[in-house]
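Structure record follows, encoded as structure tokens.
The values are calculated or read from the model by the stated rules, or taken from the named source; none is laboratory data. These numbers come from a predicted model, not from an experiment. Counting neighbours? That spans all protein chains shown, and the Cβs are built from the backbone with ideal geometry, glycine included.
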Amino acid sequence: MKKYDFETVITRYGTGSGKWDEMREVNPDIHDGIIPFSVADMEFTTALEIKEGLKEFIDNNVLGYASPNDEYKTSVCNWMKKRHNWDISPEWIKETHGIVDAFFAAIKAFTKEGEGVMLMTPVYYPMYMGISRNNRVLVENKLIRKESTYVIDFEDFEAKAKDPNTKLLILCSPHNPTGRVWTVEELRKIGRICIDNGVIIISDEIHNDLITPGYKHTVFASISEEFAQHSIICTAPSKTFNLAGLQISNVIIPNQDLRQTFTTELMTNTLNPKCSILGYEACRLGYEYCEEWLGQVIELIDKNRKIIIEFMEREFPQIKVMNMEGTYLLWIDFNGLGIGYRELERILRMEAQLFFDEGYIFGDAGIGFERWNLACPTQYIHEGLLRLKTTLDNHIIA
């Protein structure tokens with residue numbers, strides 16, 4: 001087994017990292033050695049195979065305009081087959097600068113102003129933005145909280161899918177922030193309802209490689225040919241290998257008409273939607289050489305998850321940790337503390353020096369929650385929990 005460095009953290013102030021710079025802006029007294037647990041990129045050094053591969057690529061290539069080459073597309077096809085048992089064709093792949101770009105484009109391509117786009121909430125906040133900023137109507141299917149997990153309200157889901165004004169579903173799979181990995185049965189039911197009612201499915205599967213041991217992700221389009229022909233699957237190496245800054249995503253569209261409509265929208269609004277030459281190469285390097293690195297990352301994330309769960313059960317049982325079946329984002333309910341969510345945010349950021357993504361940004365159902373990014377060295381998890389205990393002990397009367 002290869003030995004990778006999952007202990008070194010590179011300080012990112014002033015490098016363009018929004019989450020690091022925001023931390024210091026909000027709390028100028030932030031101590032040295034504190035890292036943010038917010039925005040979903042990793043605090044790990046780049047996988048050696050990608051780092052060394054890009055150095056060699058730069059030494060031997062001109063960094064000009066680039067279109068996706070056969071090697072890049074073959075690596076995507078091979079990865080989807082190997083990791084997800086889904087056979088795809090190279091011509092199905094349409095690269096975009098990111099998944100957010102992809103679903104913004106899909107909203108404009110497949111709906112008109114005033115038409116409805118369904119979300120299963122609470123959910124990743126840019127999805128709300130894609131709807132509101134394009135003058136579409138939010139159709140909200142609220143997930144039902146059951147103990148430490150969430151389930152789909154299928155009665156409500158079907159009723160809203162049957163509304164003729166609902167044209168599109170943006171499916172978050174695995175679900176961010178709740179951590180659900182939808183079962184095949186749930187996905188079949190979602191697909192059947194949508195197809196029967198003429199609702200196109202945009203499946204955001206950016207976290208599909210980051211699955212908690214014991215769970216299995218199913219690509220929506222892999223379930224059946226019918227599902228494939230009614231869906232657009234959004235994937236990327238950006239979460240898998242921490243490559244978000246290279247702006248490369250792989251949008252997979254089996255249906256030729258949907259693919260053409262999507263491509264036309266990209267060309268209409270972007271004119272030159274090509275990605276960067278280094279993005280294509282980093283994607284290929286990750287998919288071809290970094291599966292072992294990914295496996296070790298998943299083990300470390302699971303270790304961090306268990307540490308937090310055990311700590312909360314022992315020290316703060318009134319704080320409820322949701323099951324994290326996928327992603328590296330732990331969804332935690334602090335409402336049991338009896339502290340208002342704005343005051344909780346202040347206490348965590350200014351006193352405990354803990355910077356999470358605040359639950360309210362994911363919708364009203366997220367009020368009082370915090371989303372904790374676990375993709376970091378374990379020592380920072382321990383240190384964060386110690387600061388949490390020291391701070392909360394000063395605010396909670398036993």
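Do the conditions hold for Arg188, that is, is it at pLDDT 95 or above, more than 22 Å from Ile361 (Cβ to Cβ) and out of contact with any Gly (no Cβ under 9 Å at 6 or more places or on another chain)? Yes. The helices (runs of 4 or more DSSP H) falling completely within region 216-294 that include 2 or more residues that are in contact (Cβ under 8 Å) with a residue 24 or more places away in the chain, hydroxyl-bearing (Ser, Thr, Tyr) and out of contact with any strand residue (DSSP E or B) (no Cβ under 8 Å at 6 or more places or on another chain) map to 256-270, 277-289.
Right, Val199: of a type in the set (A, V, I, L, M), closer than 30 Å to Tyr289 by Cβ and at pLDDT 95 or above or not? Criteria not met by Val199. Of all residue pairs spaced 6 or more apart or on separate chains, those with beta-carbon atoms under 8 Å, a first member in region 42-56 that is over 26 Å from Lys19 (Cβ atoms) and a second member that is modelled with pLDDT of 95 or more and in a helix (DSSP H, G or I) are Gly53/Glu281; Gly53/Ala282; Gly53/Leu285; Gly53/Tyr289.
Please indicate, with yes or no, whether at least one residue in region 204-215 is closer than 30 Å to Ser89 by Cα and more than 21 Å from the chain's Cα centre (by Cα). No, region 204-215 contains no residue that is closer than 30 Å to Ser89 by Cα and more than 21 Å from the chain's Cα centre (by Cα).
Exactly one residue out of Val139, Val76, Val123 is β-branched (Val, Ile, Thr) and in a helix (DSSP H, G or I), and it is Val76.
Taking the condition surrounded by fewer than 20 Cβ atoms within 10 Å (Cβ to Cβ), farther than 20 Å from Thr235 by Cβ and at pLDDT 95 or above, does Ile319 pass? Spelling it out, Ile319 is indeed surrounded by fewer than 20 Cβ atoms within 10 Å (Cβ to Cβ), farther than 20 Å from Thr235 by Cβ and at pLDDT 95 or above. Would you check which residues across region 301-340 are assigned to a helix (DSSP H, G or I), out of contact with any helix residue (DSSP H, G or I) (no Cβ under 6 Å at 6 or more places or on another chain), farther than 11 Å from Thr212 by Cβ and among the β-branched types (Val, Ile, Thr) and list them? Within region 301-340, Ile308, Ile309 meet the criteria. Is there a residue being outside any loop (DSSP other than H, G, I, E, B) and surrounded by fewer than 16 Cβ atoms within 10 Å (Cβ to Cβ) anywhere in region 163-181? No, the conditions are met nowhere in region 163-181. Criterion applied to Glu43, Glu95 was being in contact with a helix residue (DSSP H, G or I) (Cβ under 8 Å, 6 or more places away or on another chain), surrounded by 20 or more Cβ atoms within 10 Å (Cβ to Cβ) and closer than 20 Å to Thr11 by Cα, and the one residue passing it is Glu43.
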